[in-house]
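Only one structure is covered here, and it is reproduced in the block below.
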Amino acid sequence: MATGTMLDYEMSKKDHLQKKGVPDKVKLNQLQNLLHDALLATGHVSRGALIKQKDCSLKASTVGFSIPFDQMQLICDAFSNLNTTREQGVLFEGRLYKCVRADKNSIYGKHGKRGIVLVKTQTLIVVGVYSENMYPSVCIESVEKLGDYLKEKGK
């Protein structure tokens, strides 16, 4: 059977077409929806993203949130140099976030009433940002839960 799109099909035993793959655009929308539902819907995460650890590139982000490559590189490096991260903090969007926690799985940073939460999975880093009038504890909980979900899925 010919493949006319990014989807591959194969015939099942009952002669029904079954999808073998999902188009990249649909995957992106699914990831954006996941970020929205798991993070933004709490009302205590202003922006979120998924960064691939392998090449420090953006896998997905909430609408309107883009992270320059050098910032993604700094986030990836923060997990490689935990002692430095604890001492110097995390530089993100021109702000130096004081390190509140840094271990092999999570990094929390705070700058005034704003903060950043980073959670490492097998292949991704989940980024959650909270701003004034948001509860840091709710942001941390939602980013950690999304990280746990992605770990369960092997991502």
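Of the cross-linked pairs LYS54/LYS145; LYS52/LYS153; LYS52/LYS155; LYS98/LYS151; LYS110/LYS153; LYS120/LYS155, which ones have a Cα-Cα span greater than 18 Å in the structure shown? Before the final figure, lay out the partial values.
Details: LYS54/LYS145 22 Å; LYS52/LYS153 15 Å; LYS52/LYS155 10 Å; LYS98/LYS151 27 Å; LYS110/LYS153 29 Å; LYS120/LYS155 10 Å.
Listed pairs above 18 Å: LYS54/LYS145; LYS98/LYS151; LYS110/LYS153.
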LEU82-LEU96 pseudo-label distance in nm [points 7 Å out on the Cα-to-Cβ vector]: 2.3
Loop-located GluC sites (Glu not before Pro) in the stretch 73-155, at most 16 other Cβ atoms within 10 Å (DSSP): GLU93, GLU132
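About the Cα centre, and with charges only on the beta carbon of Lys, Arg (+1) and Asp, Glu (-1), how big is the dipole of the stretch 35-152? Nearest 20 debye, please.
Values: 15 positive and 12 negative charges, 32 e Å.
Dipole of the stretch 35-152, to the nearest 20 debye: 160 debye.
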Semi-axis lengths (Å, descending) of the ellipsoid that matches the C-alpha gyration tensor of the stretch 35-152: 18, 17, 14
Neighbour-count order for VAL138, VAL63, VAL45, fewest beta carbons within 10 angstrom listed first: VAL63, VAL138, VAL45
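Rule-based calculations on the coordinates, nothing more; no lab input. Everything numeric in this text was worked out from a predicted model, so none of it was measured. A quick note on method: Cβ atoms are made from the backbone with ideal geometry, for glycine too, and the neighbour counts reach across all protein chains shown.
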